[in-house]
2 protein chains.
Amino acid sequence: MASTAPHLPTQPDTSLPGESRKQREIRLREARILAVARDQILEGGYLGLNMDRIAAQIEYSKGTIYQHFRNKEEILLALVNDALNTRLRMFRAAAAFEGPDRVRLATIGAAAEAFVEHYPYHFKVEQIVRAASIWEKTSPERRQLMQTCEHSCMGTVVEIVHGGVASGDLTLPEGVRPEEVVFGMWSIYLGVQIISHSSDTLADIGIDSPSRSLRLNQNRMLDGYGWRPLSDDFDYSGHMDRVKQQIFRHDQFSQ
Amino acid sequence: MASTAPHLPTQPDTSLPGESRKQREIRLREARILAVARDQILEGGYLGLNMDRIAAQIEYSKGTIYQHFRNKEEILLALVNDALNTRLRMFRAAAAFEGPDRVRLATIGAAAEAFVEHYPYHFKVEQIVRAASIWEKTSPERRQLMQTCEHSCMGTVVEIVHGGVASGDLTLPEGVRPEEVVFGMWSIYLGVQIISHSSDTLADIGIDSPSRSLRLNQNRMLDGYGWRPLSDDFDYSGHMDRVKQQIFRHDQFSQ
DNA sequence: ATACCTTATTGACTATCCGTCAGAAACGAC
DNA sequence: GTCGTTTCTGACGGATAGTCAATAAGGTAT
């Protein structure tokens, strides 16, 4: 069963402090629901997610699932939130790196890459949530959670750009705000992920390695803003590889 | 009804040469189906698209719809193809512009912007098609059509980058292919469109004008590659505004 | 140990919606 | 007008989301 796959959004099987047996059972069951749901989505997208089949796989009745999640859409959003929380932790760890601000930003880039590798299903789910007017069917609490998380992610990165401006490494043109630079990085990242997760003819188009192109283009954009050290003067790619190996290799961020 | 909205993917009501009354009726009916479907998707996404309701709105029975489209998903793909064909025509018109290659590329950017304004619903539909494992349910012919169209779009732009390299305005680093530059432009464009079409809190994050940021960041990326004239030495934004007004203002591209 | 109350679980049931297809209606040739 | 052909129809079958009354399990007081 795929529930033994790595990088599951599950909680550890150990008990949490001040938690009854019952509560633990419920928590573990919820994790199993999410794991099973994730597999079904990977298999057949939104339409592949089937409540009856989830029930059969976790060996509980369908009614029990609805005690955890108001509806199908809430399961999707729970998966997204789980991933986004992890990403936020990874970004914060990356932001704690000490060095020139542009290098710190590259460290965030490494975190973003590691995140994709930790949660290879995430962009599929996020895209479904963004597209299928699933949004409106979910509870405001979960929506709020997701927005807060995205906000904080953005904030973490914006702070680094501010740092670059403060240190004099980066001089933004008149009227350009740090948020716009982050928006650019985010756009490229999201665009690349969506294209590579939904186009099986990338190689035909002439893109052999989307992640290589991602790094390249993000770096060129920052070069375009004149943020020093320029990518010709510093081996950002080597730095990112190193950071990924040293900081983001283990599963310590899977919660 | 919204079927009177501008920029419909409809064919003109006039007859085509060598077309019988019956054939014309069928063609017009198909256009009505697409127009009605588009409205339903805009209203409620993939789940808002309802075959019974389409039937009621076009005042034919459900069975008749299935004479035009094998299934629901084919309708989505038809909408996408319609839009992509138009985009290709717009891109080709833009590529015909004479001037420095980077200015020609900016003209393509103007076309891309005009396209978004002509087909404000397109990215919602494209996202659904990319996400919801709808792909597998559609006919190979239509899929092929879509891929060919994307291919040609890409090719049109790649040619301009090649031109830039040939003229000496752009010197690509060792091992970087023109396709990767286009991939970067495409990523930013797609990322921005998806974020702005599915996030209603952009202003909170600090992005007042996504399209302004799009232009800015694309230009900075090209600056990073050192493609002359740099965006500080040429008013690309002014050029794009002019082109949009002069070339892409009218509906001549709605077919 | 038992009776009684509370909470958790179940799965049959309803509602919705996609896609089909046998029959009805319209069309056209003669 | 008749008959063969094409087009159209909408009731039906099947799949699946979500509900809820009935049932089982768990906990507590006596």
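The values are calculated or read from the model by the stated rules, or taken from the named source; none is laboratory data. As the structure is a computational prediction, the values presented were derived from the model and not from experiment. Here the Cβ is made from the backbone with ideal geometry for all residues, glycine too, and neighbour counts use every protein chain on show. With ligands, DNA and RNA removed, areas are computed over all heavy atoms of the protein, side chains included. Shrake-Rupley method; radii C 1.70, N 1.55, O 1.52, S 1.80 Å.
Details
- Test: residue in region A:220-236 that is among the aliphatic types (A, V, I, L, M), open to solvent by less than 30 Å² (accessible area, probe 1.4 Å), more than 9 Å from chain B (Cβ to nearest Cβ) and over 30 Å from residue B:148 (Cβ atoms): no
- The condition of being of a type in the set (Val, Ile, Thr), touching a Phe, Trp or Tyr at 6+ places or on another chain (Cβ under 9 Å) and surrounded by 15 or more Cβ atoms within 10 Å (Cβ to Cβ) holds for only one of B:188, B:160, B:205, that being B:205.
- Within region A:134-169, the set of residues being among the β-branched types (Val, Ile, Thr) and either more than 16 Å from DNA strand D (Cβ to nearest atom) or within 10 Å of chain B (Cβ to nearest Cβ) (or both) comprises A:134, A:148, A:156, A:157, A:158, A:160, A:161, A:165.
- Top-ranked residue in region A:28-51 [being away from DNA strand D (no atom under 12 Å from the Cβ) and touching a residue at least 60 places away in the same chain (Cβ under 8 Å); ranked as nearest to the other protein chains (Cβ to nearest Cβ)]: A:42
- Residues satisfying the stated conditions in region A:191-200, i.e. open to solvent by 10 Å² or more (accessible area, probe 1.4 Å) and at the interface with chain B (Cβ under 7 Å from one of its Cβ atoms): A:198
- Of the criteria (1) at positive phi; (2) of a type outside the set (D, E, K, R); (3) in a helix (DSSP H, G or I), which one residue A:99 fails: (3)
- Of all residues in region A:112-133 being among the charged types (D, E, K, R) and more than 13 Å from chain B (Cβ to nearest Cβ), the one that is farthest from residue A:244 (Cα to Cα): A:117
- Among the candidates A:214, A:172, the residue that is out of contact with any Cys (no Cβ under 9 Å at 6 or more places or on another chain) and either surrounded by fewer than 22 Cβ atoms within 10 Å (Cβ to Cβ) or of a type in the set (Asp, Glu) (or both) is uniquely A:172.
- A count restricted to region B:209-240 and to residues that are in a loop (DSSP other than H, G, I, E, B) and without any contact (Cβ under 8 Å) to a residue 24 or more places away in the chain stands at 6.
Residues are listed down the side, and each one gets a yes or a no for (1) outside any loop (DSSP other than H, G, I, E, B); (2) modelled with pLDDT of 95 or more; (3) within 14 Å of DNA strand D (Cβ to nearest atom); (4) farther than 30 Å from residue B:113 by Cα:
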| residue | (1), (2), (3), (4) |
| --- | --- |
| B:26 | yes, no, yes, yes |
| B:53 | yes, yes, yes, yes |
| B:56 | yes, yes, yes, yes |
| B:66 | yes, yes, yes, yes |
| B:80 | yes, yes, no, no |
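- Count of residues meeting criterion [open to solvent by less than 60 Å² (accessible area, probe 1.4 Å) and either touching a strand residue (DSSP E or B) at 6+ places or on another chain (Cβ under 7 Å) or free of Cβ contacts under 8 Å to residues at least 12 places away in the same chain (or both)] in region B:52-68: 2
- Unique match (being of a type outside the set (Ser, Thr, Tyr) and facing another protein chain (nearest Cβ under 8 Å)) among A:172, A:216: A:216
- Of the set (1) touching an Asp or Glu at 6+ places or on another chain (Cβ under 9 Å); (2) within 8 Å of chain A (Cβ to nearest Cβ), all apply to residue B:211 but (2).
- Of all residues in region A:63-111, those satisfying the criterion of being within 14 Å of chain B (Cβ to nearest Cβ) and within 16 Å of DNA strand C (Cβ to nearest atom) are A:71, A:72, A:73.
- Yes/no for residue A:136 being within 16 Å of DNA strand C (Cβ to nearest atom) and of a type in the set (D, E, K, R): yes
- Residues being outside any loop (DSSP other than H, G, I, E, B), more than 15 Å from residue B:235 (Cβ to Cβ) and either not assigned by TED's automatic domain parsing to the domain that holds residue B:159 or not basic (Lys, Arg) (or both) - total across region B:102-126: 13
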